[in-house]
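**Q** After the structure tokens below, expect a handful of questions from me.
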Amino acid sequence: MYEGAIQDLIDELGRLPGVGPKSAQRIAFHVLSADPADVNRLATALRKVKELVRFCTTCFNVAEAEQCRVCRDPRRTNEVLCVVEEPKDVVAIERTGEFRGRYHVLGGAINPLEGVGPDNLRVRELLMRLGTGEVQELILATDPNTEGEATATYLGLLVKPMGIAVTRLASGLPVGGDLEYADEITLGRAFEGRRAI
Ligand SMILES: [Zn+2]
């Protein structure tokens, strides 16, 4: 189509999630006509995210230090642990302002069709955290879709014998959806109304 660098950029952009060929072309030509300082800032941001961002060694949220901001906060309680699929779910729940406990990011959900089982998620690390005896309640805030429900059921069966209260977010969340797309009020209510499973 185009030659050299502009086509390389279109190809790279087109590999990003949610960016179709037309968007890739539009962004590439925007970059071409943009101010060099703006393009440099973008390039630096892309490089820095790979250099600086890593996963929290405790909860596997994104972090720029050994531990993420939530794990470093001494004002939060260790007695309630909220299990989510991805770091973006931590952001969604933090936005509600309803939760003052800690998180555990699984890194996905059980999905047999795609070959994702408990061993591919951070389940072992979760059980190790629960083993210290500090956690009184485990909130399963996986997505309200088939994979998320399967993951919550699996974890519930695993954790309940440990004598820890296990709760699931209340309904009201869009079924089949992604936690991150729920608005703050709906997600906040789902949190308040969580039920034992
Ligand atoms: Zn953390």
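**Q** Which residue pairs have Cβ atoms under 9 Å apart, sit 6 or more places apart or on different chains, and have a first residue in the range 63-75 that is farther than 15 Å from His104 by Cβ and a second that is more than 8 Å from the ligand (Cβ to nearest atom) and open to solvent by less than 60 Å² (accessible area, probe 1.4 Å)?
**A** Final answer for the pair search is Glu64/Val53; Arg72/Ala65.
Residues are listed down the side, and each one gets a yes or a no for (1) within 26 Å of Thr153 (Cβ to Cβ); (2) of a type in the set (Gly, Ala, Ser):
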residue: Gly14; (1), (2): no, yes
residue: Arg26; (1), (2): no, no
residue: Leu42; (1), (2): no, no
residue: Arg72; (1), (2): no, no
residue: Arg75; (1), (2): no, no
residue: Pro87; (1), (2): yes, no
residue: Ile93; (1), (2): yes, no
residue: Gly97; (1), (2): no, yes
residue: Gly115; (1), (2): yes, yes
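**Q** One residue is enough: does the range 77-92 have a residue meeting the conditions in contact with a helix residue (DSSP H, G or I) (Cβ under 7 Å, 6 or more places away or on another chain), without any contact (Cβ under 8 Å) to a residue 60 or more places away in the chain, in a loop (DSSP other than H, G, I, E, B) and more than 22 Å from Ala182 (Cβ to Cβ)?
**A** no
**Q** Residues being open to solvent by 30 Å² or more (accessible area, probe 1.4 Å) and of a type in the set (Asp, Glu): count how many of those fall in the range 77-112.
**A** Residues flagged as open to solvent by 30 Å² or more (accessible area, probe 1.4 Å) and of a type in the set (Asp, Glu) within the range 77-112 amount to 4.
**Q** Here is a list: Glu12, Glu64, Glu3. Which entry is under 30 Å from Met128 (Cβ atoms) and among the charged types (D, E, K, R)? Reasoning before the result, please.
**A** Working: Glu12 fails: under 30 Å from Met128 (Cβ atoms); Glu3 fails: under 30 Å from Met128 (Cβ atoms).
Residue meeting the stated conditions: Glu64.
**Q** While we're on this one: Taking the condition touching a helix residue (DSSP H, G or I) at 6+ places or on another chain (Cβ under 9 Å) and farther than 26 Å from Asp178 by Cα, does Phe29 pass?
**A** yes
**Q** Further question on the same structure: For the subset of the range 93-121 comprising residues that are without any contact (Cβ under 8 Å) to a residue 40 or more places away in the chain and of a type in the set (A, V, I, L, M), which member is farthest from the ligand (Cβ to nearest atom)?
**A** Of everything passing the filter in the range 93-121, Leu113 is farthest from the ligand (Cβ to nearest atom).
**Q** Okay, next question. Quick one: Gly133 ticks every box in (1) open to solvent by 60 Å² or more (accessible area, probe 1.4 Å); (2) over 15 Å from the mean Cα position of the chain (by Cα) except a single one, so which number is it?
**A** (1)
**Q** State whether the residues of the range 28-42 include one that is of a type in the set (Val, Ile, Thr) and either within 16 Å of the ligand (Cβ to nearest atom) or exposed (fewer than 12 other Cβ atoms within 10 Å of the Cβ) (or both).
**A** no
The values are calculated or read from the model by the stated rules, or taken from the named source; none is laboratory data. As the structure is a prediction and not an experimental result, all values here were calculated from the model. Glycine gets a Cβ as well: all are built from the backbone with ideal geometry, and neighbour counts include every protein chain shown. Quick note on the areas: whole protein, heavy atoms, side chains included, nothing else; ligands and nucleic acids left out. Shrake-Rupley method; radii C 1.70, N 1.55, O 1.52, S 1.80 Å.
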